[in-house]
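These notes are about the structure you will find just below.
The values are calculated or read from the model by the stated rules, or taken from the named source; none is laboratory data. Only a predicted model underlies this, so the values are computations on that prediction, with no experimental measurement involved. Neighbour counts are summed over all protein chains in view; Cβ atoms, including those assigned to glycine, are modelled from backbone coordinates with ideal geometry. In case anyone asks, the SASA skips ligands and DNA or RNA and just uses the protein heavy atoms, side chains included. Shrake-Rupley method; radii C 1.70, N 1.55, O 1.52, S 1.80 Å.
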Amino acid sequence: MRITRLRLENWRNFRKVDLSLRRRAFLVGPNASGKSNLLDAFRFLRDLAEPQGGFLSAVAARGGVGQIRCLHARENPAVLFDVEIDLVERGQWRYLLEFGQDKQRRPVVRREHAWKDGRALLERPDALDREDPNRLTQTHLEQVNANKEFREIADFFSQIHYLHLVPQLIREAERRSKPDDPFGTDFLERIATVPAKTRESRLRRINAALRLAVPQLAELKLERDGRGIPHLRGRYDHWRPNAGWQSEEQFSDGTLRLLGLLWALLDGSAPLLLEEPELSLHSAIVRQIPRMMNQAGGRNRRQIFVSTHSGELLSDASIAPEEVVILTPSAQGTTATLAADNAVLPATEPPNVSELALLGG
């Protein structure tokens, strides 16, 4: 299951985006070029499919249409999403949403269309919308009583997962878990809720991989304490018998980030969004991340979108030019293009960056 094409208009700092997408996409560009904003486009699709809130909540969470809409928008100020999806044996799908705001600055749907295998399933606005314009403050995608024919699109979007683990949040024993929190407050709870057989199998695979990066880590398991709070336990080889067990509180930032990355690669088949997965990791490990992405998921390898500044990560020979999205900022907004060759970082390096070391002197 994957998104095969993404077309955007007036989204954040992008006036227009039109990308054909493979199973992996590496987003590269200088600071403030829009890497996080492009990842957020996929998060927005996920939020749209949320039955509790959907369209209005997704827009409000981002500050309203005025904050979402590209400042460089001129002729048509509406925001447009046009997404093509390959669900393999369940067909080829397409979903289009165009929205703006009314005089009360409420988000309103301008167009909403859905297709399966080229056959139109939805075309809005329809007669009922024209009779009652308030209906256009909701998408049909988010309404279970309206999306029956194309609910598979909503189900697919709802499974998109964004991950940017903050190790300190995982370590906090008194953490207040937020459901599906990309920063990690519910990370251990997510592991704990997986059926025991599947969880143990994944942890064994992760432990085998982690031993290459952390040779002393001999065993990895998850247990709940007396209050029911889940904890990771790692047994490290030690010269003192029974002295090598540690919990996540003692794990390094790099160990926790790598563990989170490996778990995410094994957990699900819908698109995964990763923001700078190289953080806290040794460069030798970072160079292996693209191959981890290729091998970890087996038959259910999920589509992965990665923002990165790392030359080590992009140095992997398995990365095709068609998998690298170069973001180039300009006075007219950021452009997003697929790389024609592997000379990526020089093209996206900020001008005069070497002067940063002078600290303004």
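Results, tabulated for the structure shown:
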{"read-out": "Residue within the range 35-54 that is without any contact (Cβ under 8 Å) to a residue 12 or more places away in the chain and either touching a Ser or Thr at 6+ places or on another chain (Cβ under 7 Å) or among the polar types (S, T, N, Q) (or both) present", "value": "yes"}
{"read-out": "Positions within the range 74-96 being open to solvent by 30 Å² or more (accessible area, probe 1.4 Å) and part of a loop (DSSP other than H, G, I, E, B), in sequence order", "value": "ARG74, GLU75, ASN76, PRO77"}
{"read-out": "Pair list, Cβ under 6 Å, 6 or more apart: the range 87-104 residue over 22 Å from ASP18 (Cβ atoms), other residue in a strand (DSSP E or B) and at pLDDT 90 or above", "value": "GLY91/LYS116; GLN101/PRO107; ASP102/VAL108"}
{"read-out": "Top-ranked residue in the range 295-321 [being within 18 Å of the chain's Cα centre (by Cα) and open to solvent by 50 Å² or more (accessible area, probe 1.4 Å); ranked as modelled with the lowest pLDDT]", "value": "ASN300"}
{"read-out": "Yes/no for GLU189 being closer than 20 Å to LEU272 by Cβ, without any contact (Cβ under 8 Å) to a residue 60 or more places away in the chain and either surrounded by 14 or more Cβ atoms within 10 Å (Cβ to Cβ) or more than 20 Å from the chain's Cα centre (by Cα) (or both)", "value": "yes"}
{"read-out": "One residue from SER33, SER57 being hydroxyl-bearing (Ser, Thr, Tyr), under 26 Å from GLU123 (Cα atoms) and out of contact with any Cys (no Cβ under 9 Å at 6 or more places or on another chain)", "value": "SER57"}
{"read-out": "Close pairs (7 angstrom Cβ cut-off, 6 or more residues apart or separate chains): more than 18 Å from ALA264 (Cβ to Cβ) in the range 206-218, among the basic types (Lys, Arg) anywhere", "value": "LEU217/ARG211; ALA218/ARG235"}
{"read-out": "Members of the range 2-36 found to be surrounded by fewer than 23 Cβ atoms within 10 Å (Cβ to Cβ) and in a helix (DSSP H, G or I), listed by number", "value": "SER36"}
{"read-out": "Count - residues of the range 268-283 that are open to solvent by 40 Å² or more (accessible area, probe 1.4 Å) and either in contact (Cβ under 8 Å) with a residue 60 or more places away in the chain or closer than 19 Å to ASN207 by Cα (or both)", "value": "3"}
{"read-out": "Residue ID - farthest from VAL79 (Cα to Cα), chosen from residues in the range 110-153 that are in a helix (DSSP H, G or I) and open to solvent by less than 40 Å² (accessible area, probe 1.4 Å)", "value": "PHE150"}
